[in-house]
Each structure stands twice: as structure tokens, then as C-alpha cells.
Amino acid sequence: MTITYTWRGEFDNTEVERLHADGFDREPSDHDWWAQVTGHSLGWVNARDGARLVGWINVAWDGSGHAFVLDTVVAVDARRLGVGTELVAEAARQADAAGCEWLHVDFEDHLRDFYFKACGFRPTAAGLIPLPTP
């Protein structure tokens, strides 16, 4: 594979949705990824092998010093090749270039080594309220 990474690159909703459905083992939906990221995010990174989207990450932000990695996904056949690590690295470079001071992530426990060891995040104290609240 020859992977190229593009900040705020063009994508089709169907290809991002297909990648997420495969990556998170769910049925595809008609989610409008383009509207979501262009309306609410600092940016996103596409990873492509030729024309095929093999990785994607959304970088949300608060409009100031905090950016948030969301929706990170890599195609099954492109995993363990460094694609996810490079998606996060490019997200960090772009958040830094935008003046952010922090890049946050939350994740399922089985991704702990990926985010802490491969990507360089460190543990922090955080809180969570499940919604809707009772």
C-alpha cells in the first residue's frame, strides 16, 4: 500500500460511512459526515491508498485551545501498518498549527496501547455524564 494523507480533503459520505460501518462492526447508515465535519470540526484527515479511503479521523475543537480526536477508523486490511498512528500525528500537527494547546481523546479500553504507546497520549483525570440524565 502507498498511503497518502490529506488534511480537510474531499470525501464522499458513502465511503466514510462504509469505512465506519466496517470498522465499528455495524450496519451502514445515511449519516452526513460532510455536514458534520464542515459545520463543527477544525478538520479531518483522509488516508488513501490510491483513490480508496483506508483511514479517516475527525478533529473537533472548542474554537480555541482544545482539539478532540473523534471517529478514528482504519480499514481492516490497512490496520497494523501505521495508518492510524499517522492519522493521529497529522491531526496533532494540524491542531498545533491552528493554535490549539491540547489534543484530547477518549477510547475503548482495547485501544489503550494504540493511543498511549503508539500515539503518545498520556492518561489524565476526566469525567463523563451519560445522557440523557435521569
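Here is the list for the stretch 13-103: GluC sites (Glu not before Pro) lying in DSSP coil, each with at most 16 other C-beta atoms within 10 angstrom of its C-beta, are 101. Sorted largest first, the spans of the alpha carbon positions of the chain along the three principal axes are 39, 34, 30 Å.
Length gained on full extension, residue 102 to residue 7, computed as 0.36 nm times the residue gap minus the Cα-Cα distance: 32.4 nm.
Exposure proxy check: 38, 2, 85 ranked by fewest other beta carbons within 10 Å?
Neighbour counts put them in this order, fewest first: 2, 38, 85.
Legend: ranking of residues 116, 68, 24 from fewest to most surrounding C-beta atoms inside 10 Å; resulting order 24, 116, 68. Sorted ascending by nearby beta carbons within 10 Å, beginning with the fewest, 105, 16 become 105, 16. Remark on the stretch 65-123: Rg and Dmax equal 11.5, 35 Å (Cα only).
Bear in mind these aren't lab numbers, they're just calculated from the coordinates by the rules spelled out. Note that the structure is predicted; figures quoted are calculated from it, not measured. Ideal geometry is used to build each Cβ from the backbone, glycine not excepted, and the neighbour counts take in all protein chains shown.
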